[in-house]
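Engineer: Sharing a structure here in structure tokens format.
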Amino acid sequence: MSLMISEKILFVDDERNVLEAFQRQLRKQFQVHIAQGPEAGLEAVRTSGPFAVVVSDLRMPVMDGISFLKMVRQEAPDTVRMMLTGFAEVQTAIEAVNEGNVFRFLTKPCDPALLAKTLHMGLAQYRLVMAERELLEETLRGSIKVLIQILSLLNPEAFGRASRIQRYVREIAFALQLKETWQLETAALLSQIGLIMLPEATLKKIYQGQALDPEEMQLFEMHPCIARDLLKHIPRLEKVADIITYQAKGFDGSGIPHDDRRGEDLPLESRILKVVLDFDTLEAAGRPRTTAIQELKERQGRYDPGVLTALETILWIEARFEVREISLKDLKEGMILDGDVFTKTQVLLVPKGQEVTPLIRRRLIGFAAAMGIKEPLRVLVPRHPREDKTAATAPALPGVPRPAKPPGT
């Protein structure tokens, strides 16, 4: 007795009896799902997937099989698509392959053995695609990890800022109900990578909030483009590179790069980074949060209004943290440092505002053993972590309910 295939296969046809015949014929070998008509098929792809293979009839009312499989390709690009029809027209086959990127084209009536064999070939293709994707994602994760570790070693302040930025943008993404956030969060983590090319004296002035001379400002304004050039050749980071390129660009078109993009033509992720980076700069310069938010509001047209409202909302949520002083042995992942962490010889290890990760915890334990660190550590801990996470996802923006009191200072 053969084992049941774990991946799901979807058959789409406008005739119910045809679908039920496929299900009876194949159910001992495959996990067969059926959908009557293209609309039901798309709904199944969106709500019941992922499907390894989708097999569609060509002739259906409302939407033909070519158009349907083209939409399936948009919704689920990894799914293998097949066409089944009683019309073996050459032009139809060409359109199906070109428009829907169809893997196989079968004619009705189809021999059961041939259909089963073709489905096995489709499953093999799906597994190959998924294996390649997994390998690429592992390579990508490794590349990002190396870049972040380089930043943490060469420039702890920039690394600390990038970690704060990532935490803010993650919460803003929740508030804005964004579904895909990995590119935004990756862009936040790598938003400071271009600073490794700047002279140390310039970086010191930036972190101390001092004015830069024209030459230093020109160098500083180049850092998003430097990051873009470092990232754009890494597979699947092209969009991340584009986000970082426009992270200093105003909603009104001001700022760098000096081109015509503005408003909603800018990547949403870049608009989020612009708000968060400018807010973090003000807060690092000593502004209370309420003052920093007000200054951003007074910069007419420079920021996406919905993103600015989302930032104000998550700051209110974030204000519900408890401040604690703890020893290193009690430091846990997910806590947020509320003060700079120094060695006993006054070497900065981790700046204020950084979320504790496994890497940061190991780094502090290593330095504590080698040369000692100043304790206790001042950290922020959510009073009600589960409640705070729910609150972060709740607001429907714009029109966020105003907090009973302003964001914490």
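Engineer: In a GNM of the chain with a 10 Å cut-off on Cα contacts, which of Ile243, Ile326, Ile148 has the highest mean-square fluctuation?
Structural biologist: Between Ile243, Ile326, Ile148, it is Ile326 that shows the largest mean-square fluctuation.
Engineer: Here is a follow-up. Which residues among region 38-56 fall inside the zone where the amide N is under 16 Å from a point 7 Å beyond the Cα of Glu20, along Cα→Cβ?
Structural biologist: The answer is none, because no backbone nitrogen lies closer than 16 Å to the label point.
Engineer: On average, how much area does the Cα convex hull of the chain cover when viewed from any direction, in nm²?
Structural biologist: 26.1 nm²
Engineer: So what's the gap between the Cα centers of region 254-279 and region 27-66, to the nearest angstrom?
Structural biologist: Cα centroid to Cα centroid, the span is 40 Å.
Engineer: Would you mind working out the magnitude of the charge dipole of region 290-347 relative to its Cα centre, with +1 at each Lys and Arg C-beta and -1 at each Asp and Glu C-beta, to the nearest 20 Debye? Mind dumping the intermediate values first?
Structural biologist: Values: 8 positive and 11 negative charges, 18 e Å.
Dipole magnitude for region 290-347 comes out near 80 debye.
Engineer: Now for a separate question. As a footprinting exposure proxy, order Ile365, Ile206, Ile165 by other Cβ within 10 Å, with the fewest listed first. It would help to have the intermediate numbers written out before the result.
Structural biologist: Working: Ile365 14, Ile206 21, Ile165 24.
By the 10 Å Cβ count, ascending, the order reads Ile365, Ile206, Ile165.
Engineer: How large is the dipole of region 8-132 about the Cα centre if only Lys and Arg carry +1 and Asp and Glu carry -1, each at its Cβ, rounded to the nearest 20 debye?
Structural biologist: 500 debye
Engineer: If you don't mind, there's one more thing I want to ask. For region 8-132, just say rounded, prolate or oblate: build the C-alpha gyration tensor, square-root its eigenvalues into a ≥ b ≥ c, call rounded for a/c under 1.5, and beyond that prolate if a/b exceeds b/c, oblate if not. Let's see the in-between values first.
Structural biologist: On the way: a/c = 1.14, a/b = 1.04, b/c = 1.10.
Here region 8-132 falls in the rounded category.
Engineer: Next question. Can you give the Rg and Dmax of region 308-369 based on its C-alpha atoms, in angstrom?
Structural biologist: Reported Rg and Dmax, both Å: 13.7, 44.
Engineer: Right, another one. Please give the Cα centre distance for region 164-236 versus region 283-362, rounded to the nearest Å.
Structural biologist: Cα centroid to Cα centroid, the span is 16 Å.
Engineer: Tell me, what is the percent relative contact order of the chain, built from C-alpha pairs under 8 Å that lie six or more residues apart?
Structural biologist: 12 percent
Engineer: Check region 8-132 and count each lysine pair with an alpha-carbon distance under 18 angstrom, considering only pairs eight or more places apart or from different chains.
Structural biologist: The number of close lysine pairs in region 8-132 is 4.
Engineer: Something else about it: Let me have the relative contact order for region 8-132, percent, based on Cα pairs under 8 Å that are six or more residues apart.
Structural biologist: This gives 22 percent for region 8-132.
Engineer: How do Lys70, Lys332 rank when sorted from fewest to most other Cβ atoms within 10 Å of their own Cβ?
Structural biologist: Lowest to highest Cβ neighbour count: Lys332, Lys70.
Engineer: Which order do Tyr207, Tyr168 fall in if you start with the one that has the fewest other Cβ atoms within 10 Å?
Structural biologist: Lowest count first: Tyr207, Tyr168.
Engineer: Further question: So what is the 222 nm mean residue ellipticity for the chain from helices alone, if each DSSP H run of at least 4 adds -39500 (n - 2.57) and you divide by all residues, rounding to the nearest 500 deg cm²/dmol?
Structural biologist: Values: 16 runs with 211 residues, N = 409.
Calculated mean residue ellipticity at 222 nm is -16500 deg cm²/dmol.
Engineer: So, one more: Tell me the label-point distance for the pair Leu154, Ala211, using the 7 Å Cα-to-Cβ offset, in nm and rounded to one decimal.
Structural biologist: 3.0 nm
Engineer: Treat each spin label as a single point 7 Å out from the Cα along the C-beta direction, and report the Thr343 to Glu43 distance in nm.
Structural biologist: Calculated label separation equals 6.4 nm.
Engineer: Restricting the count to DSSP beta bridges whose residues both fall in the chain, what percent are antiparallel, rounded to a multiple of 5?
Structural biologist: Values: 13 of 32 bridges.
Counting only bridges with both partners in the chain, antiparallel ones make up about 40 percent.
Engineer: While we're here: First check a/c for region 143-271, with a ≥ b ≥ c the square roots of the eigenvalues of its C-alpha gyration tensor; if it is under 1.5, answer rounded, and if not, answer prolate when a/b is larger than b/c or oblate otherwise.
Structural biologist: On the way: a/c = 1.55, a/b = 1.20, b/c = 1.29.
Judged from the Cα gyration tensor, region 143-271 comes out oblate (a/c at least 1.5, b/c at or above a/b).
Quick note: the coordinates plus some simple rules give every number you see, no bench work behind them. All figures in this text were calculated on a predicted structure; none of them were measured in a lab. Note: ideal-geometry Cβ built from the backbone for every residue, glycine included; neighbour counts use all protein chains shown.
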